[in-house]
Amino acid sequence: MRPLIAGNWKMHGTLREAASLAEGVRAGAGGLPADLLVCPPVLHIPAVAAALGGGAVALGAQDCHAAAKGAHTGDISAAMLRDAGATHVILGHSERRADHGESDAVVRAKVAAALGAGLVPVVCVGETEAQRLAGEADSVVRAQLAESLPDGFGGIIAYEPVWAIGTGRTPTEADIAAIHATIRESLVARFGAAGQGMRILYGGSMKPGNARAILALPNVDGGLVGGASLVAADFLAIAAAAA
Ligand code: PEP
């Protein structure tokens, strides 16, 4: 399956910087061995859409509300994202689970809303360091998948160990391969052949220097990249490493 390298820009940058980063990604996107997706702050989506010019780089958001519309001050619906030019949305990122108390049930409702609006959800799962040290990584991820994905799910999974995000630390290659195999097995058990075709991204301190080894692992179908996605050359180097 063709890999996907997705950039999560989180809460960084000005409007001008977002447009310039998007232009940099677009300029280098030709001929890479991976599909590309960038997920800017929601306010920057129209400017990034214009900068990407409808080309090969896909555009996503970092969250959406579960409701289609209504009295939800400060929130954004999946349909609004679609209307603004997004095709994807990251859901259940550990920073949202931690900062906003998002439970698996909330994530599941958001995933259903995204699918209903025609967006491709990128659903994040991953254990904390305490859970890994307690030998619970597998069971935590299995439970998150079971509870965060609605029936009929179609989309992308991102395995992001919480302790690897923004820390410069990554699991061993064997640990990444093992948990990606667990995720694949869960997806196939629940969704059959469709689960075999779902991309499973690795996220957590992926950089140009470690991307090639991680992306070569079985069941690693791309990466969700935070910090390194804020520099176009680094993001593109990660995508080039997917060869
Ligand atoms: C992320 O938060 O999705 C992420 C992977 O961040 P970083 O690459 O900075 O660890």
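Only a single criterion out of (1) under 20 Å from Val107 (Cβ atoms); (2) within 15 Å of the ligand (Cβ to nearest atom) is not satisfied by Gly168, namely (1). Pairing residues of segment 143-169 that are touching a residue at least 24 places away in the same chain (Cβ under 8 Å) with residues that are among the aromatic types (Phe, Trp, Tyr) and in a loop (DSSP other than H, G, I, E, B), at Cβ distances under 6 Å and at least 6 apart in sequence or on separate chains, gives no pairs at all.
Annotation note: Cβ proximity below 9 Å between a residue of segment 1-17 that is farther than 19 Å from Pro208 by Cβ and a residue that is among the charged types (D, E, K, R) and part of a strand (DSSP E or B) (sequence gap 6+ or interchain) occurs for Arg2/Asp35. Flag not set for Ala239, criterion: part of a strand (DSSP E or B) and within 18 Å of the chain's Cα centre (by Cα). Considering only residues in segment 202-227 that are touching a residue at least 40 places away in the same chain (Cβ under 8 Å), part of a helix (DSSP H, G or I) and more than 6 Å from the ligand (Cβ to nearest atom), the one that is surrounded by the fewest Cβ atoms within 10 Å (Cβ to Cβ) turns out to be Ala213. With respect to the conditions (1) in a loop (DSSP other than H, G, I, E, B); (2) out of contact with any Pro (no Cβ under 8 Å at 6 or more places or on another chain), Pro171 falls short on a single one, namely (2).
Checking the structure you have, find out if any residue of segment 102-113 is acidic (Asp, Glu), over 19 Å from Leu43 (Cβ atoms), out of contact with any His (no Cβ under 7 Å at 6 or more places or on another chain) and within 16 Å of the ligand (Cβ to nearest atom). Yes; the residues of segment 102-113 include at least one that is acidic (Asp, Glu), over 19 Å from Leu43 (Cβ atoms), out of contact with any His (no Cβ under 7 Å at 6 or more places or on another chain) and within 16 Å of the ligand (Cβ to nearest atom).
Number of residues in segment 48-81 that are part of a loop (DSSP other than H, G, I, E, B) and crowded, with 17+ Cβ neighbours inside 10 Å: the value is 6. Tallying residues that are part of a loop (DSSP other than H, G, I, E, B) and β-branched (Val, Ile, Thr) within segment 117-163 yields 1. The set of residues from segment 1-52 being closer than 18 Å to Asp234 by Cβ and of a type in the set (D, E, K, R) comprises Lys10, Glu17, Glu23, Arg26, Asp35. Do we have any residue at all in segment 229-242 that's surrounded by fewer than 23 Cβ atoms within 10 Å (Cβ to Cβ), within 11 Å of the ligand (Cβ to nearest atom) and of a type in the set (Gly, Ala, Ser)? No, there is no match, as no residue in segment 229-242 is surrounded by fewer than 23 Cβ atoms within 10 Å (Cβ to Cβ), within 11 Å of the ligand (Cβ to nearest atom) and of a type in the set (Gly, Ala, Ser).
The numbers here are math on the coordinates, done by the rules we state, and not lab data. Just so we're clear, the structure is a prediction, and the values are computed from it rather than from any experiment. Because the Cβ atoms are built from the backbone with ideal geometry, glycine has one as well, and the counts that use them run over all protein chains shown.
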